[in-house]
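Heads up, the thing below is written out as structure tokens.
The values are calculated or read from the model by the stated rules, or taken from the named source; none is laboratory data. Predicted model only: the values in this text are computed from it and were never measured. With ideal geometry, Cβ positions are generated from the backbone for all residues, glycine too; neighbour counts draw on all protein chains shown.
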Amino acid sequence: MKTCVALLRGINVGGKNILPMKELVAILEGLGATGVRTYLQSGNAVFGTAAKDLLRLAGELTAEIKKIRGFEAYVLILELDAIEDAIRKNPFPEAQADPKALHLGFLASPPSNPDMAKLDSLKKESERFRLVGSVFYLHAPEGVGRSRLAASAEKLLGAPMTDRNWRTVCKVRELANA
């Protein structure tokens, strides 16, 4: 049994793609997950699983959400070690003091042909970013809501991504280790 984290993108935002966390827990338990706990309403779940193929499990979770709720959510399931590794490899440790400004974009795998030059051309003077394996780190002190870099990152990286701020990543790790 390994500890995993499910990160869902685009649920419970602006009254769209509603998925109560109680339902997410029930769906995960129906797929064999144990000890399911959630953090916030934005789709962060920690659980134990014996599943060997996490990509397949993510696909099964996506299919169940579509069957029950009628929409397709992007689901990324990572082992807790991947979250720990992302925290450890943070290239902007000084940015941890403002956890809402430091974001980690989790990708299913390292992008094969990211357009780093275009990403660099979109960043504000105050912004910094780094791609480390399958994690896109973005320090956006003025906020990601007004960042052209944040808005274009997924497309320019060329891979699906789900983003969490530093506080959320640390809380998810804390929840998993509790």
Just the residues that are surrounded by 15 or more Cβ atoms within 10 Å (Cβ to Cβ) and either outside the structural domain of GLY133 (by TED's automatic domain parsing) or part of a helix (DSSP H, G or I) (or both), please, taken from region 93-102. ALA95, GLN96
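Yes/no per residue for (1) under 22 Å from LEU104 (Cβ atoms); (2) outside the structural domain of ASN165 (by TED's automatic domain parsing); (3) part of a loop (DSSP other than H, G, I, E, B); (4) in contact with a helix residue (DSSP H, G or I) (Cβ under 7 Å, 6 or more places away or on another chain):
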residue	(1), (2), (3), (4)
LYS22	no, yes, no, no
VAL25	no, yes, no, no
PHE47	yes, yes, no, yes
LEU57	yes, yes, no, no
Within region 68-80, track down each residue that is in a helix (DSSP H, G or I) and either under 15 Å from ILE11 (Cα atoms) or touching a Pro at 6+ places or on another chain (Cβ under 8 Å) (or both). ILE68, ARG69
Residue within region 121-135 that is in contact with a Ser or Thr (Cβ under 8 Å, 6 or more places away or on another chain) and in a helix (DSSP H, G or I) present: yes
Quick check on GLY105: is it surrounded by fewer than 18 Cβ atoms within 10 Å (Cβ to Cβ), in a strand (DSSP E or B) and either of a type in the set (A, V, I, L, M, F, W, C) or in contact (Cβ under 8 Å) with a residue 12 or more places away in the chain (or both)? no
Hits in region 125-140 (condition: out of contact with any strand residue (DSSP E or B) (no Cβ under 6 Å at 6 or more places or on another chain), surrounded by 14 or more Cβ atoms within 10 Å (Cβ to Cβ) and more than 12 Å from PRO91 (Cβ to Cβ)): GLU127, ALA140
Looking only at region 1-20, count how many residues are β-branched (Val, Ile, Thr) and outside any loop (DSSP other than H, G, I, E, B). 3
